[in-house]
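**Student:** The structure that follows is given in the form of C-alpha cells.
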Amino acid sequence: MALVSLTPTIKLSWEPNATQTLSLLNRCSNMEELKQIHAQMFKLGLANETVPLSNILTFCTSRNSGGLSYAQMVFDRVNTPDTFMWNTIIRGFANSSEPEQALLLYQQMLTHSVPHNSYTFPFLLKACSNLSALEVTQQIHAQIIKLGFSSEVFAINSLLHAYAIFGSIESARLLFDRIPHRDIVSWNSMIDGYIKCGAIKTAHEIFNDMKAKNVVSWTTMISGYVGASMNKEALNLFHEMQIAGVKPDNIALVSTISACAHLGALDQGRWIHKYIKKIGIQVDPILSCALIDMYVKCGDMEEALEVFRRIEKKGVSAWTAIIFGFAIHGQGREALNWFSEMQKVGIKPNLITFTAILTACSYAGLVDEGKSLFESMERKHNLKPTIEHYGCVVDLLGRAGLLMEAKKLIDTMPVRPNSVIWGALLKACRIHGNLNLGKQIGKILIENDPEHGGRYIHLATIYAMAREWDHAVEVRRQMIDKGITKLPGCSSISLSGISHEFFAGDRSHPHIDEINRMWDQIAKRLKQEGYKPSTRGLLLDLEDEEKETAIQKHSEKLAIAFGLIKTQPGETIRIIKNLRVCEDCHTVTKLISKLYAREIIMRDRTRFHLFSDGKCTCGDYW
Ligand code: ZN
Ligand code: ZN
C-alpha cells in the first residue's frame, strides 16, 4: 500500500482510542508528534475522515512547521479534497519558497471544477505577489468577477493589495473606487500602494479622507514619510496620532525614532523614549537598536550605552550600533575595544560591523589597525569585502596622505569603483594638495555622475587651487549650462523641541536681524583674536571681499549665532549640517567655543565634531 511510506516508525508509548487521538491532534506541537498521531489514525481507521485530515493539512502547511512536503503527500492521497483542503495546500505553497506550486495547484483546482470561496483568492494573490506575476493577477481578477466574488471585500482587498505591490497603482485605484463597502484594510492597502510608488501626497490625501483610522493606517503613513526622507512630517504625524488617542505599535515607534535620528531631534527622541517606558511597551531588539541609533546620531553616547546595557540578549546589531557610534564620534580606540569585547563574548562581526569599525579607523586616523582589520575580513571571518568596505579603506589611506596606495587599491579591487570611492580619493587629493591626481579624478567623477552639482564644484575648486582660473570658470559654466544646482547647505538647531533651519545666505528667518547683529559682534571678537577667513576651499573666482561674505553666510554660522542668542550661558549648542563642514566654519566654531565658553556639537553629513575650549574632537582631520 502506498500509504506505508507515510507511516512513521516511532510508536506512541500508549495506545489512544479514537477520541483521544483526535484531541492529541489538536494539541500537537511538532512534525514528529504529528506523524505518530497520523500513524495511530491509520490503525483506528480514521485516516480518510475529512476533519482530522483537514487538521493535519492545516498543521503541516503552517509557517515554520517544516511539513509542507508531508502535507503534499497527504493531500495527493485524498480522493476528493474539499475547498478547505485546496485552500489550505495553496496557502502553504503561497507562503513557501515555491509559490509557483500554489498557482499549479490552482490550475488543478479549476480542472476538477472545485467550488471556490472568498478565501481561495487571497492565498493565490499572495503567491502572485511573491512571484511578481502581474499577468496571473489580472487573470485571477477576471476569475473573481466571473465567479461572482467582486462584492466580497476580503477577496477584493487582497487583489487591491496585489496591484499595489506591483506598482500597478491605477488598477488598484480603479478597484478601490468601485468597492461598495470599503473596510479599513481597503483604505490601508491604498495608502500603502501610493507610498510604494512614491506618491506620498496622494497617500496622505487618502489617509486624511479616512474616517476611522487604525494603528496600521497611522504606522503606514509615518513609515512612508520616513522612507521618503520627510522626517518632520513623520514626527508631526506621530504627534497627531497621540492626540487621536491611538497607541503606537513597535513599527510606528521605530520609524518615528529614526525620524528623530535623521533630524538630530534629541529632545523629541528622549520624549518618545520616556513615553515608551511610561506606557510599558516591550522594547524588542529592533526598537533597542533604533533607540541606540537615535542617541548616537543625536550625539548622546551616554544614553546610547545606557540603552545597550539594558538589552538582555545583545545581538550583533546592538554591538554594531555602538561601534558605529564611537566611529562617528571620532573615538577610534574605544570602537576597537568594543569590537574585540564583542568577539570575546562570542558575537561574530558581520559586514555592517566591519563598515562601522573601518569607518572608526578611518575617522580616527588608525591606518595600521584599519588595514589589518580589512585584511582579516576574508582570512579570519570569511566575509567578502563589499564596495563599501573598499570605500572605507580608500578613505582611510587617503586621509593619511597615502594617495598612491589608495589609487592602487582602487585599480586592483575586484568590483568596479563607484562615485563614493572616487569622491573619497578626490577629497584626499584636495586635503593633501595632489592637484594633478585630483584633476584626473574630478573628470572621472563628472563622467560618472553628470547630474551631481557637488562634483563640478570639487573639480572647479581643484583647478582654482592649481591657479588654473580658466579651467575653473569653464567647469562652473558647464554646470550652469546644464542647469545643475548644488545641494544648498542647510543647518538646523533644535530648541525646546522645535527645529530651526538655516540656509547659506538665508534672509528669510523671522529673527534674521537679531542673528546678523549677533554675528557682527562675533566677527568683531574673532578679528580681535587674529582670525582671518580661510578661503582655500572656496572657488577663487570671486573678489576677496565677496568671498569673505560668502563664507560668513554659511548656514552653520547663522545657526550658531541663533543658538548663542536663544540658549543660556554654558548650555551646549547642537547643530545638524546636511553637508560636510567647510574648513573656515570649522576654524570659526573652534574659536567661538573658546571665546564664548560653550560646547558646540556639530553633526555634519558623515560624523560628529565636538568643539570645546578652542579644539575639536576630530583633531582637524575630517
Ligand atoms: Zn562653511
Ligand atoms: Zn572637527
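The values are calculated or read from the model by the stated rules, or taken from the named source; none is laboratory data. Note that this is a predicted model, so its numbers are computed, not measured. As a convention, Cβ positions derive from the backbone with ideal geometry for all residues, glycine included, and neighbour counts pool all protein chains shown. To get the accessible areas, we keep the full protein, side chains included, count just its heavy atoms, and leave off ligands, DNA and RNA. Shrake-Rupley method; radii C 1.70, N 1.55, O 1.52, S 1.80 Å.
**Student:** What does the charge count around H329 come to, taking other residues whose C-beta lies under 14 Å from its C-beta (Lys +1, Arg +1, Asp -1, Glu -1)?
**Tutor:** -2
**Student:** Further question: How would you rank 500-512, 98-110, highest first, on the average number of other Cβ atoms within 10 Å across their residues?
**Tutor:** 98-110, 500-512
**Student:** Given the peptides 420-430, 53-63, 604-614, 22-32, arrange them by the average over their residues of other C-beta atoms within 10 Å, most packed first.
**Tutor:** The packing order, highest mean first, is 420-430, 53-63, 604-614, 22-32.
**Student:** To continue, here is another question. Under the Kirkwood approximation applied to all pairs of distinct alpha-carbon atoms, what is the hydrodynamic radius of the chain in Å?
**Tutor:** It is 29.1 Å.
**Student:** For the chain, give the percent of accessible area contributed by carbon and sulfur heavy atoms, probe 1.4 Å, rounded to a whole number.
**Tutor:** Within the chain, the accessible surface is 52 percent carbon and sulfur.
**Student:** Here is the link list: K313/K615; K213/K278; K384/K482; K211/K232; K443/K577. Which ones come out longer than 31 Å on Cα distance?
**Tutor:** With Cα atoms farther than 31 Å apart: K313/K615; K384/K482.
**Student:** Let me ask something additional. Multiplying the sequence separation of I281 and L351 by 0.36 nm and subtracting their Cα-Cα distance, what value in nm do you get?
**Tutor:** 22.1 nm
**Student:** Considering Cα pairs under 8 angstrom that are at least six residues apart, work out the relative contact order of segment 389-486 and quote it in whole percent.
**Tutor:** 20 percent
**Student:** Determine the percent antiparallel among the DSSP beta bridges restricted to the chain, to the nearest 5.
**Tutor:** Here the antiparallel bridges make up roughly 80 percent for the chain.
**Student:** Taking every pair of alpha-carbon atoms in segment 389-486, what share in percent sits in each 10 Å bin, from 0 to the bin with the longest distance?
**Tutor:** 18, 48, 28, 7
**Student:** Another one. Sort 369-375, 114-120, 580-586, 188-194 for me by packing, meaning the mean count of neighbouring Cβ atoms within 10 Å per residue, highest on top.
**Tutor:** Highest mean packing first, the order is 188-194, 580-586, 369-375, 114-120.
**Student:** For K43, go through the lysines and keep the ones whose alpha-carbon is under 17 Å away, minus same-chain ones fewer than eight residues off.
**Tutor:** The reachable lysines, counting only those whose Cα sits under 17 Å from K43, are K11, K35.
**Student:** So, one more: DSSP loop GluC sites (Glu not before Pro) in segment 295-348 with at most 11 other Cβ atoms within 10 Å of their Cβ, which ones?
**Tutor:** Passing sites in segment 295-348 are E312.
**Student:** Report relative contact order for the chain in percent, whole number only (criteria: Cα-Cα under 8 Å, sequence separation at least 6).
**Tutor:** Computed over the chain, the figure is 6 percent.
**Student:** A further question on this structure: Accessible area per residue, 1.4 Å probe, Å², for the chain: what's the number?
**Tutor:** 49 Å²
**Student:** Per residue of the chain, what 222 nm ellipticity follows from adding -39500 (n - 2.57) for every DSSP H run with n ≥ 4, rounded to the nearest 500?
**Tutor:** -20000 deg cm²/dmol
**Student:** Still on this model: Once phi is turned into ³J(HN,Hα) by the Karplus curve 6.51 cos²θ - 1.76 cosθ + 1.60 with θ = phi - 60°, what whole-Hz value does each residue of segment 582-596 show in order, with x for glycine and proline?
**Tutor:** 3J(HN,Hα) across segment 582-596, in whole Hz: 7, 4, 5, 4, 4, 4, 5, 5, 4, 4, 4, 4, 7, 4, 9.
**Student:** Here is a further query. State the answer as a single residue: which of N578, G224, L397 lies farthest towards the positive end of the charge dipole of the chain, with beta carbon charges of +1 for Lys and Arg and -1 for Asp and Glu, about the Cα centre.
**Tutor:** Of the listed residues, the answer is L397.
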